[in-house]
1. Among 269, 723, 549, whose Cα lies farthest out toward the positive end of the dipole of the chain, if unit charges sit on the beta carbon of Lys, Arg (+1) and Asp, Glu (-1)?
2. If amide hydrogens are placed 1.01 Å from N in the peptide plane, which non-local residues have theirs closer than 5 Å to the one on residue 46?
3. So what J values fall out for the range 660-667 if you push phi through Karplus, 6.51 cos²θ - 1.76 cosθ + 1.60 with θ = phi - 60°, rounded to Hz, Gly and Pro as x?
4. How many Å² of accessible area per residue for the chain, probe 1.4 Å?
5. Compute, for the range 145-292, the length of the dipole vector about the Cα centre, with Cβ point charges of +1 (Lys, Arg) and -1 (Asp, Glu) only. Units Debye, rounded to 20.
6. Which residues among the range 142-156 fall inside the zone where the amide N is under 18 Å from a point 7 Å beyond the Cα of residue 413, along Cα→Cβ?
7. Rounded, prolate or oblate: pick one for the range 416-566, where a ≥ b ≥ c are the square roots of the eigenvalues of its C-alpha gyration tensor, a/c under 1.5 means rounded, and failing that, prolate if a/b is larger than b/c, else oblate.
8. Quick one: Karplus J couplings for the range 617-623, per residue in order, coefficients 6.51, -1.76, 1.60, θ = phi - 60°, nearest Hz, x for Gly and Pro?
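The values are calculated or read from the model by the stated rules, or taken from the named source; none is laboratory data. Computed from a predicted model, the values in this text were never measured in an experiment. All Cβ positions, glycine included, derive from the backbone under ideal geometry; neighbour counts span all protein chains shown. Quick note on the areas: whole protein, heavy atoms, side chains included, nothing else; ligands and nucleic acids left out. Shrake-Rupley method; radii C 1.70, N 1.55, O 1.52, S 1.80 Å.
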Amino acid sequence: MAAIQGIRKHGKLLIAIIGLALLAFITEEFFRATEAQRNQNSGVVGAINGKRIHSQEYSQLIEAYKSYISMTQGKTTFTDDEDAALKEQVWQSYVTNKLIENEAAKLGLTVTDQELRNVMTEGTNPLLTQSPFINQQTGRFDAATLKTFLDEYKKMQSGNSQIPEQYREQYDQLYRYWQFVEKTLKETLLQQKYNALLQMSITSNPVEGKQAFDATAASKDILLAAVPYTSINDNDINVSDIELKAKYEELKESFKLNADSKDIKYVAVNVKPSAADRAALDEKMEGFAQELAGTDDVASIVRRSQSSVNYIDIPRTADAFPEDISAMLDSMSVGAVKGPIYNVADNTENIVRLISKTQAPDSIQLRQIQVGGADVDKARKRADSIYTALKGGADFAELAKKYGQTGDSTWLVSNMYENAAMDDDNLAFINKAQSMATGEIANLDFAQGNIILQVTDRKNFVPKYNAAVIKCPLNYSNETSKAEYNKFSKFIAENKTVEDMEKNAAKSGYQLQTLNGITPEDFFSLRYFSQPGMARHMMRWISQDAKKWIFDEAKDGDISPLYTCDNGNHLLVVAVTGSHKKGYLTLDDVKDIVKAEVLKDKKAEKIMASLKGAKTVDQVLAQKGAMADTAKSVNFYADNQYDPAVLASVSNAKVNQFVGPLKGNGAVYAYKVLGENKNADAKYDEQQYISGAARTHAGMALNSRQYFGESPVITYLKEKAKLTDSRYLFY
């Protein structure tokens, strides 16, 4: 009882203690859950309809695409801009494919293995015809060559292959390349099926078909008059809040945001080399030019110069060299040295020495027997025996089978090896293959064994060049970088508000720029902004910490610290001037745009009222600011130099008819039809024009738009999907 009394006496205290203990327990569990969620989300660069994509997977997709480019274009290094563009292309491709996969699954659309085999058998798909697995006689993809490679690669992976060690990396790269092609091919086929189904659902009708015919079968010559809206001063037009609200509601859908966004102002400094930096590089390159001209050991000089173009001691086609270098090669004589020459396109100084020039096959068909043994001596003896037998007339394929190989012929094309990293054995193999005649057999000694090589055919002889190239960028020095950094730091320290930066940027030699409505995705994008005054590329070089500051840390009105971006090539300060949540921009956010539209409407009303009763072009031209132009061969499909209001009406206008006034985008128009030009050969085929109109509509729905690089259908699917993009946290 005493205990119970004690509990009652201290009941409130005990409840508080129990409550605190319970709170501690709940809090601990909350933090555990939060930490678990944080760990689960770590490395997530985005999600589509709840399906996460992790940074590791995204990076693998990027590397796979780079391997594809390396194999097809011989490109092994990428600039920062190219790297950013690659990341965006991979992301957009991934998102598009996932969206279409999702829609296709609902519709029961799939790509079967048999359909994939049919495409490979046909062998005309560009993804296949650009691959190394080509039959040089037909120019088509050769599935048998691919199968031989895949069988050999499988043996290599299981340890049952005699492929020399030095070729294994190239086999791995070629296998990764094929995996990318196969995956992309399947995705492309699915997208084609989906688009074909959508296209079949888009129709037209006889009325539209006849209109389409009439719009193309004839054109009109017109005398056009325009009264531009700029002829009326903005201050002479009163705009009420009611009018602004009404216009905002009319245009509201164009102000929809599919992601949170920010408005920023920024100053970006592109650090450039000084005159002293240029002089220092000139002096260094002059020294390399003299050395290159006076020695045969060009490889060591190219290495020491840190040239971005490695020296490869084999004859190569002009396409294997940078564009500015390949343009010089044909006009150079053997032994000549050109340079230093500055190339403004890539900001480099260049020296070229042409060591040799020859006509060599672009494509070599060859077969080989790889010879190993318990040790190198035994491999050499076995190779000598095989070589002697072949010279004596033995069957190549039968001997190859005896040693567990097919002996099949494959084509070696220049772009498969010209820019690949090669050791001495690879160089020896390529040089020997290029110099051999058709039917010739060679026994090649390598560190780990021998290769018996036979060239069975040679095609497409082209000029090939052995050239040493020194290509060095004109970079700024540490002194130049420090001076620019100190100057910019001083500007930031003296201008602590947006207003100060606006007032003083130009005085200090800087430009304060504005970007409104930016999202994290925009820093990877190649797109242009559609808002007025924003037709410029985003800053793809912006650093990761600057992106995080803008989207995760900054409040409206904050000014960032000085950021060093793009490996020091850019200095940046950013001010966040506004924040917008996903949804619709408010009227205050877009007031200037809405007001401009209201002004245009009211000016059009005023001009059209003043033209009421006008019957001739001369009466229109009597208006203040009016202009005239004679336009030839105008129809609905005429060049877009004419306003849509004019193009939409001209098909139905008659000769000598006065048409107008018409409200246009930038002016009020009126015109008189001076004459008609008819296409005497045009004949109306109703079904043809109905189908053509349907194809036009389908093209507008399915084809990529000029600036955003995606079709309206994909844009719609993106808006409908739960799409998040967090790449800015990692890249």
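1. 723
2. So residue 46 has HN proximity to 53, 726.
3. Going residue by residue, I get x, x, 10, 7, x, 6, x, 6 Hz, with x marking Gly and Pro.
4. Numbers: 39810 Å² over 731 residues.
Each residue of the chain exposes 54 Å² on average to a 1.4 Å probe.
5. For the range 145-292, the charge dipole is close to 720 debye.
6. Residues 142-150 qualify, since their backbone N sits under 18 Å from the label point.
7. prolate
8. 5, 4, 5, 5, 5, 6, 5
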